[in-house]
Every structure is written in C-alpha cells, then in structure tokens.
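In what follows, a structure is listed as structure tokens, so that the remarks can point back to it.
The values are calculated or read from the model by the stated rules, or taken from the named source; none is laboratory data. For clarity, every value in this text was computed on a predicted model and none was experimentally measured. Quick reminder, even Gly has a Cβ in these numbers, built from the backbone with ideal geometry, and neighbours come from all protein chains shown.
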Amino acid sequence: MQTKENNQSKENLIPGYLNGELTAEETRELIVWINLNSANKHYFDEYCEIWITARASLKNPGYNFQEGFWKFKQKIKANEDLQIGFNKTIFLKILTRYAAIFIVTFSLSGLLFYYIGKNRAAKPDLSFSELIVPKGSRAQFFLSDGTAVTLNAGSRLKYDNRFGIKDRIVQLEGEGYFKVAKDSKRPFTVQTSHLNVMALGTEFNVKAYSDDKTIETTLVEGSLKIEEITDKNGTEARVLKPNQKLTFFKEDSTMVNETASPKEKTKKNTQPLQVHKSIVIPRLVTENVNIEPVISWKENRWIFEKQSLLQIAVELERKFDVQINFESERLRTFRFTGIIIAEPIEQVLEVMSISAPINFKLKGKVVTLSENKNFEELNKRLYKK
Amino acid sequence: MEDSNQQLINSIKQGDIAAFETLYKKYYIFLCLIAEHIVRNPSDAEEIVTDVFVKIWNIREKINITASIKAYLVKAVHNTSINFLERNKISNKLTDSLNNSDYKILAWDSDYPLGQLYEKEIMNILEHGISALPDACQQIFILSRNENMKYIEIADKLGISINTVKTQMKIALARLRETLKDYMMILLFLMGI
C-alpha cells in the first residue's frame, strides 16, 4: 500500500518535469521511479511524446523553420568557402534595391596574423569585407550567420573571415540596425569607436557616426551588454533592457552640456548610471525611449519627436547627400515633431515647409533654409511654450 | 508515402537543396522541441538541429537511410543532444546535479519510436483530444503549453492553488494519453515488426 502511494506521487512529478519546474531533488526522485521497471520508463516516454507533439502542433511553438533553414544554408556555404580557402569572400547577400553600395574586400595574404582557430590545418589568409553605404543610400543584407543588418546612409561595416568561427565581431561606423541570429556559443559584438555592444539574439540600433558627439544604442528586443573601450581593465558593463537607449558622450562632460542642448531629451526618465560614483559626471546615460522614432529610418519614414532642425538637417544631409545651410540662426533651434513619409528630398522639404515656418531653396546639392515670415502668426501659436 | 520517402532520400543524396527545405518545413520545429526536451534550452536546441542537417549535407552522398527519414532525423537529433550534454556538462543547470546515466534516462529510450505521434492525422486527434478536455483542465493545459507559464503563474492568473494546477495538468496528460492510446499501440506494434 505504502509503495503504491509512493509510486503514485512520483508519477505526479512528470507534468512538473515537462514544464521544467522540478528541483534537482525531485528530478532525482523521478529518475529513481523511471528506473524501477521498463513499464515506468515507457509510461514516461509516452508522456514526453504527447507533450512534445502537443507543443509542436502550436501555431507559434517558438521556432521558425525559415530562420532555421537560412542558418543551415549559410552554414553549408561557409563550410564550402572554408574548403576553397577563402579565395573569395562571399559572405554577403545583398537584398537591396538601392544600387549605390560598395563592397570592398581585400586580402592580406602573406602578412602574419595571430590566428586562434584550433582545428584548422592551415592558417588561412585573413581577409576583410567592408560594406560602405555612401550618403544618399541605404543597404539591407544578411551576414553569414543569418543576422540581418540594415545600414543607414554614410555608414560602413567591416569584418574579417574569422567572423562566425569562434565569435561574431563587426565594426561599425555610422548607423545600423541589427537583428541578430540566435547563437549562444558565439556572441555577436558590434565594435564602435568607443563602445563594444554585445548581444546573443536581439534586435537593436546603433548610431555611431564619427561626426556625432554621442553614440546611441537602442534596444528593441532581447538584452544587450555594452562596454566602454578603455585602456584600463575591468570596466563595468552596462546591460540594456528593451525600449531603453544608452547614450554615450564621447567628449568631456562639460562640453557635452553645451553641445547636447539642442537635442536635449525629456529628462523624466533619464537616470545617470553611475549614481554610486557621484564625483564622475556620467558619460553613459540610460533612458526609456519610444522605439519608433529611433528606427524609423529603416523604412522611408521619418519620425521626429521634438528634434531641432539642426539635428534633422544633419540626418537629411546624410540621407540625401546634400549640404544644408541655415540663413537664420534662430531656425536651427526650431523643434520639429511629426512623421514624414516622403522621398526625394524636395518632397521632404516641402512637407516640412508646410508644417513649419521654413522656406527652402534647392540648388543642385545645396539646400538653403530660411524663415518664412508669413508663417509668423501660426509660428507664434505653434512655438509658444 | 513510401515512394515520397524514397524520392526524398534520393534528392538528399544528390544534394538537392529543395529537399532540405522540405525537410526543414516538415520537421524543424518538431526536432527543435525534441532537442529542447533533452538540453532544456531553445537556442542550443536550434543549434543542435542545424548541426544535424549540416552533417547530413556533408555526408549526403554516403548516407544510408533504411527506414523513414523522420526516424533517422529524430535519432540523429537525440544522439547529438546527448553528446551535446556530455560536452557541456557545466553549462546545464539541470545536469549539474545529475550524472551522465541519469539524463540519458530523461531523454527517451532509444527503442521508443518517438515521433510517431507527429503525423498530421494523429496531431488532429491530439488537438481534438485537447479540445475535449474539461474546461478548467483545458484552460490550464493550454496556458502551460501555449504560453509557457509556470504553474505558480497559472495559479496566480486563475486564482487557484498550485496543487489544483498540478492535479489538472496530470488529468490533462492522462486523458490525452487515453485518447491516443490506440494509436500508440498500433504504432508500437508496427515498429515491432
């Protein structure tokens, strides 16, 4: 009688096991029960099968065959590339309809590089791939591991043929949106001038133009680890949660306060990360943000949230490869909120001139912005605090 | 069905990428769940399944599949998952406290024909079985399965005790087992021949 009851209770552990909720002790008890006889084992196997099959019949069981198949294709391709010894770098699949993309690949044969791969018979030549997206265009492509990358205008992404062997490292200058393929063994790292951004399987945006004063990392999904690149060891890593943006100020903080003022963010959610080191003025600031405006550049949509015209001008210059001059100083500080779905630049400027007191002149690649005096009345109402 | 199986094997041998796509479409999710069941981590599971397919691709000319492709894949994923656990003992929370022979028991018996349930018509019966569960029981089963909710979360959400959740889950699985019993017997019998 005693044993039968005991038996019964162990059997009760099966649903808990399937749901991943047993303690190690309970798991051990279950194993003992399974081991008692082959009938128990069989019973357990049947339950597992029902459970696995029940999950497989779901509409969204957490796996996607297309994603898996893509990875498979990339892997067999990479294997075959390995066999022919990296004669060609065929890592990229360009899926873009924008023509103006340059891919620069070059090989540094003969140069001695320290190579870490253990299982390789011969040291392969280290070759680089660099994707350059000039101003006025945009590129979308997949890396060999299945990671989807969108590069904004005036950006470059560089990596070498060790990509995907032990880890996945790319170097970014400019702005990129990354949808990283899951691979727990090989973390995905985006190196920028000052920061390393590390991810496993996430979606995030990195904005690191060399002529910007900040580097902005915004996480859409998953989790990110961000480290400052410094000479000293043991710098603290910051962890970002979805819908958070980390802003890194490249310059000394005293300068930043001036220069960053036009694009000052809503202070509500801003919290300095280094609260415990109160003497250090934070160069890294985490805040909760609305994702949409940050990644709107990917589609030809422009979402501005209280952005200064100066900042917008910088982005227009990159996107359309133009030069923007201001006729009035005051104009630079005008803030603009809205969505523009338009191309080419004439249309964008037109939309802006309808909704804000701006006149524009476009001559070749030079745009001149001036104040629209007739707009004054409306302007008063619009921009009065 | 036998023919299409043989056809598929031939296409694989010839390195027809479309044949692999067919396999992915048909079995990828199922195989991932099998691997996840053993290694208990979705991203490791995906990697294991990809590795199995890559391996098959690499040896495609020499490959020798006598039974069904599905059985072959299930077995390959099973073995690769076990190997994975052996190589990565430290990284697995579950196996930390268990020794090798223990987790092999928790994977299924290699003689057990896992995957037989994973056929269209039987899956329909299974879905039907789920919808025929008593309301409360069904709700709990679906929450646990579809949304991966922990028992305690389900208890919270429904305002019932965790023991009730456990009992209902047990009833759900027992009923489904009952529903599928005949099919399991037939399949076992067929495999036995």
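Annotations
- Taking the listed residues A:GLU173, A:GLU228, A:GLU216, the one that is closer than 26 Å to A:GLN311 by Cβ, touching a strand residue (DSSP E or B) at 6+ places or on another chain (Cβ under 8 Å) and at pLDDT below 85 is A:GLU228, with no other qualifying.
- Counting only strands (runs of 3 or more DSSP E) that sit wholly inside the stretch A:159-235, those with at least 2 residues that are of a type in the set (Asp, Glu) and within 21 Å of A:ARG318 (Cβ to Cβ) are A:168-179.
- Among (1) in contact with a Ser or Thr (Cβ under 8 Å, 6 or more places away or on another chain); (2) within 7 Å of chain A (Cβ to nearest Cβ), the one test that B:TRP57 misses: (1)
- Test result for A:VAL348, buried (at least 16 other Cβ atoms within 10 Å of the Cβ) and modelled with pLDDT of 85 or more: no
- Of the numbered criteria (1) facing chain A (nearest Cβ under 8 Å); (2) in contact (Cβ under 8 Å) with a residue 12 or more places away in the chain, the one B:ILE29 fails is (2).
- Filter result for B:VAL74 (touching a Leu at 6+ places or on another chain (Cβ under 6 Å), modelled with pLDDT of 85 or more and either over 14 Å from A:PHE65 (Cβ atoms) or acidic (Asp, Glu) (or both)): yes
- Looking across the stretch B:32-47, just one residue is touching a Cys at 6+ places or on another chain (Cβ under 8 Å) and either on the phi > 0 side of the Ramachandran plot or more than 7 Å from chain A (Cβ to nearest Cβ) (or both), and that is B:ALA45.
- Cβ pairs under 9 Å, 6+ apart, first in the stretch B:134-145 and within 11 Å of another protein chain (Cβ to nearest Cβ), second surrounded by fewer than 17 Cβ atoms within 10 Å (Cβ to Cβ) and among the acidic types (Asp, Glu): B:LEU143/B:GLU153
- Odd one out for A:SER296, checked against (1) at pLDDT below 70; (2) of a type in the set (Gly, Ala, Ser); (3) under 24 Å from A:GLU350 (Cβ atoms): (1)
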